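The values are calculated or read from the model by the stated rules, or taken from the named source; none is laboratory data. What you see is a predicted model, and the numbers here were worked out from it, not measured in a lab. Please note: Cβ atoms are built from the backbone with ideal geometry, for glycine as well, and neighbour counts cover all protein chains shown.
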Amino acid sequence: MTVTLSAYALGTVPEVMEYLSEDSPADKSPVNSLLNRATSLIETYLSRELVTRGSLTEFHSIPSRTSRLLLLEAPIISITTVHEDQARGYGASTLLVDGTDFISSDSKGELIRVQDGGGDLAWQTGFRAVQAVYDGGYATAQLVPDDIRDAFFEVCAWLHAIETRKKHGISGWSDDAGNYTRVSTDHLPKHLKGQLASHRRFPLGLHTGERD
């Protein structure tokens with residue numbers, strides 16, 4: 001079966017083969033699968049989509065007296081529209097103006113509601129009262145922070161070692177009794193979890209958004 005490298009993979013075949021100190025194979029499918037799986041593990045652990053997927057539409061249900069809204073993806077590349085509408089019609093009359101009604105902290109993926117003359121203003125409350133259309137994440141894999149990319153290449157090597165040891169390929173392994181274990185974020189080496197910790201998106205009431 002031919003496996004294509006994901007457009008959102010955190011590295012390329014030449015980069016990974018150089019990291020592994022191996023020659024690039026004629027059949028790229030196994031390596032593509034390795035890169036796709038490693039990318040998926042990293043993104044699942046971080047609860048983020050790292051390389052941008054393009055335009056995203058999010059709906060936020062915000063607690064009272066909250067002036068700061070965290071989008072689900074960061075950094076912000078561009079903002080198309082932000083509406084504040086308890087009726088959820090998101091028409092022209094509810095469109096907010098960037099720089100006047102809100103300001104953005106692009107690196108954090110944060111929108112801050114402000115009022116004329118300065119000072120924070122609370123976002124409207126209500127189910128999906130705020131709609132944000134934006135492009136978030138990193139424009140290319142090469143722009144992803146070095147510590148995330150370093151962890152990605154190490155995960156590739158880790159998965160490659162599992163495959164090389166004649167276990168169950170890059171998706172899991174079995175013990176002598178035949179018990180099968182699927183590779184998941186639970187199995188990531190502890191030092192990699194520590195390395196990635198500062199980049200994780202923790203819900204815990206901080207993130208109010210959802211996407212259909």
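Here are a few things to note about the model shown:
- Matching option when the condition is loosely packed, with under 14 Cβ neighbours inside 10 Å, of a type outside the set (A, V, I, L, M, F, W, C), out of contact with any Lys or Arg (no Cβ under 6 Å at 6 or more places or on another chain) and not assigned by TED's automatic domain parsing to the domain that holds THR185, among THR66, THR44, THR94, THR80: THR80
- Filtering ALA74, ALA122 for residues that are touching a residue at least 24 places away in the same chain (Cβ under 8 Å), surrounded by 15 or more Cβ atoms within 10 Å (Cβ to Cβ) and not polar (S, T, N, Q) leaves a single hit, ALA74.
- Members of segment 146-189 that are at pLDDT 90 or above, farther than 13 Å from ILE42 by Cα and of a type outside the set (Asp, Glu): ALA157
- Index of the failed condition, GLU15 passing every other in (1) in a strand (DSSP E or B); (2) within 22 Å of LEU143 (Cβ to Cβ): (1)
- Residues in segment 117-155 that are out of contact with any strand residue (DSSP E or B) (no Cβ under 9 Å at 6 or more places or on another chain) and among the basic types (Lys, Arg): ARG149 alone.
- Within segment 50-63, considering residues that are among the aliphatic types (A, V, I, L, M) and more than 23 Å from LEU196 (Cα to Cα), the one surrounded by the fewest Cβ atoms within 10 Å (Cβ to Cβ): LEU56
- Screening segment 135-163 for residues that are in contact with a Phe, Trp or Tyr (Cβ under 9 Å, 6 or more places away or on another chain) and either outside any helix (DSSP H, G or I) or not aliphatic (A, V, I, L, M) (or both) and picking the one that is surrounded by the fewest Cβ atoms within 10 Å (Cβ to Cβ) gives PRO145.
- Options VAL16, VAL31, VAL3; residue that is surrounded by fewer than 18 Cβ atoms within 10 Å (Cβ to Cβ), hydrophobic (A, V, I, L, M, F, W, C) and out of contact with any Gly (no Cβ under 9 Å at 6 or more places or on another chain): VAL3
- Yes/no for VAL31 being at pLDDT below 95, assigned to a helix (DSSP H, G or I) and of a type in the set (A, V, I, L, M, F, W, C): yes
- Selection count where residues are more than 10 Å from the chain's Cα centre (by Cα) and in a helix (DSSP H, G or I), scope segment 40-77: 1
- Residues (of a type in the set (Gly, Ala, Ser) and either part of a loop (DSSP other than H, G, I, E, B) or more than 15 Å from THR81 (Cα to Cα) (or both)) located in segment 102-121: SER105, SER107, GLY109, GLY117, GLY118, GLY119
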